[in-house]
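Here's the structure we're looking at; comments come further down.
The values are calculated or read from the model by the stated rules, or taken from the named source; none is laboratory data. These figures come from a predicted structure and were not determined experimentally. Every residue, glycine as well, gets a Cβ built from its backbone with ideal geometry; the counts of neighbours run over all protein chains shown. Ligands, DNA and RNA are excluded from the accessible area calculation, which covers all protein heavy atoms including side chains. Shrake-Rupley method; radii C 1.70, N 1.55, O 1.52, S 1.80 Å.
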Amino acid sequence: LRTLLHAVEQSKKKLSIPMACFIVAEAARGLHFAHTKVDEITNQPLGIVHRDISPQNILVSFEGEVKVTDFGIADAESKLTETRPGIVKGKYSYMSPEQISAKEVDARSDVFALSIVLWEMLAMRRLFQGENEVDTIQRVKNCKVEPELKTLAPEVDEELDLIVKKG
């Protein structure tokens with residue numbers, strides 16, 4: 001997806017709204033599968049959280065298939081080893097405020113990150129990218145969305161705008 005967005009940006013165009021929504025819907029379907037996965041023996045939820053959703057980790061094939069990849073820092077409640085407290089893994093500009101503050105996260109953090117991806121596809125610019133890491137972290141912690149999506153993408157209808165904001 002990062003390569004696709006770069007190519008679209010270079011051509012001075014935008015992704016169509018239906019295409020952006022399709023990509024995010026398919027990625028959400030993949031995340032839902034991971035989030036609701038249960039242990040086949042105990043039937044207990046695994047509590048999988050990807051924790052690194054970004055355009056780089058969403059694959060789009062030439063045939064239109066969409067896959068979520070790189071579960072390298074994914075976390076499951078049943079893991080034998082824990083991430084050390086205070087250690088933050090992932091791309092800052094796609095983290096939820098809870099994740100960037102090294103607090104416990106659940107599937108909602110992945111939904112938050114996927115909503116950032118959708119905002120960026122519709123606006124064709126980065127949402128929380130700051131001038132440096134500290135600035136980016138502060139922007140995410142404050143969760144300040146500026147400018148409004150409708151300012152950058154007036155073709156986005158009210159319903160889709162509300163969906164992005166809710167995410």
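Results, tabulated for the structure shown:
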quantity: Kirkwood Rh, angstrom, the chain [1 / mean 1/r, Cα pairs]; calculated: 16.7 Å
quantity: R0 of 30 Å, Cβ-Cβ distance THR151-ALA107: FRET efficiency to nearest 0.05; calculated: 0.50
quantity: Packing rank of 128-141, 47-60, where each peptide gets the mean count of other beta carbons within 10 Å, highest leading; calculated: 47-60, 128-141
quantity: Diffusion constant of segment 90-163 at 4 °C, which comes from Stokes-Einstein with the Kirkwood Cα-pair radius and 1.567 mPa s, µm²/s; calculated: 102 µm²/s
quantity: Accessible surface, the chain, averaged per residue in Å² (probe 1.4 Å); calculated: 61 Å²
quantity: GLN129 versus ILE163: modelled label distance in nm, points set 7 Å from Cα along the beta carbon direction; calculated: 2.5 nm
quantity: Cα-based Rg / Dmax (Å) for segment 1-67; calculated: 15.0, 52
quantity: Residue-level accessible surface for ASP157, protein heavy atoms, 1.4 Å, Å²; calculated: 90 Å²
quantity: Exposure of CYS143 as accessible area (Å², to 10), given a probe of 1.4 Å and all protein chains; calculated: 60 Å²
